[in-house]
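The values are calculated or read from the model by the stated rules, or taken from the named source; none is laboratory data. Quick caveat: nothing in here was measured; it's all calculated off a predicted structure. Cβ sites come from the backbone with ideal geometry, for glycine too, and all protein chains shown count toward neighbours.
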């Protein structure tokens, strides 16, 4: 049995769009490439055919992975999100007490992680360290850059 993954309504809709595109567009494109490559004759020495078969395997694997995520998704009810403690869906203003810098992140499910846009997975070191904390709480996490100390400054829904 697969583990349930928490995802926002928007994240679920994006996963659904990705799945639909993979099935309705990408799968058809690859099938057409295979059909064209077969028309070149001998498949044993047909690089185009081998490339199309490899692409087909990659696309089918992504379709299966995306379908599994959709089947195991638990959509977070935004009305259930509390800003009294850190949980998936909230925005957190943190202070890196080692660097004396503040920054704001959103804690998201693993499928929505996008660190470049300040969306941090609940499964990341900082995400795991934040979960359950309240404003004013401090915590320490091991990051790829070493041991870091943080303080929760503020928790909000936006």
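Filter segment 63-83 for residues that are in contact with a strand residue (DSSP E or B) (Cβ under 7 Å, 6 or more places away or on another chain) and either in a loop (DSSP other than H, G, I, E, B) or surrounded by 14 or more Cβ atoms within 10 Å (Cβ to Cβ) (or both) and give the result.
Taking segment 63-83 first, the residues in contact with a strand residue (DSSP E or B) (Cβ under 7 Å, 6 or more places away or on another chain) are 69, 72-76, 83.
Correct list: 69, 72, 73, 75, 76, 83.
Any residue that is surrounded by 14 or more Cβ atoms within 10 Å (Cβ to Cβ), closer than 15 Å to residue 154 by Cβ, under 22 Å from the mean Cα position of the chain (by Cα) and touching a residue at least 12 places away in the same chain (Cβ under 8 Å) - is there at least one of those in segment 107-120?
There is at least one residue in segment 107-120 that is surrounded by 14 or more Cβ atoms within 10 Å (Cβ to Cβ), closer than 15 Å to residue 154 by Cβ, under 22 Å from the mean Cα position of the chain (by Cα) and touching a residue at least 12 places away in the same chain (Cβ under 8 Å).
Failed condition for residue 55, given (1) in contact (Cβ under 8 Å) with a residue 24 or more places away in the chain; (2) at positive phi; (3) surrounded by fewer than 16 Cβ atoms within 10 Å (Cβ to Cβ), with all others met?
Exception for residue 55: condition (2).
Give the number of residues within segment 131-158 that are touching a residue at least 60 places away in the same chain (Cβ under 8 Å), farther than 12 Å from residue 94 by Cβ and assigned to a strand (DSSP E or B).
The qualifying residues number 1.
Let me spell it out: the conditions are (1) surrounded by fewer than 16 Cβ atoms within 10 Å (Cβ to Cβ); (2) modelled with pLDDT under 95; (3) in the same structural domain as residue 16 (by TED's automatic domain parsing), and residue 60 meets all of them except one. Which number is the exception?
Checking residue 60 against (1) surrounded by fewer than 16 Cβ atoms within 10 Å (Cβ to Cβ); (2) modelled with pLDDT under 95; (3) in the same structural domain as residue 16 (by TED's automatic domain parsing), the one that fails is (2).
Go over the candidates 33, 26 one by one and state the one that is in contact with a helix residue (DSSP H, G or I) (Cβ under 6 Å, 6 or more places away or on another chain), farther than 30 Å from residue 138 by Cβ, modelled with pLDDT of 95 or more and surrounded by 14 or more Cβ atoms within 10 Å (Cβ to Cβ).
Exactly one residue qualifies, and that residue is 26.
Tell me yes or no: at least one residue of segment 91-99 is surrounded by 13 or more Cβ atoms within 10 Å (Cβ to Cβ), under 13 Å from residue 8 (Cβ atoms) and touching a helix residue (DSSP H, G or I) at 6+ places or on another chain (Cβ under 6 Å).
Taking every residue of segment 91-99 in turn, none turns out to be surrounded by 13 or more Cβ atoms within 10 Å (Cβ to Cβ), under 13 Å from residue 8 (Cβ atoms) and touching a helix residue (DSSP H, G or I) at 6+ places or on another chain (Cβ under 6 Å).
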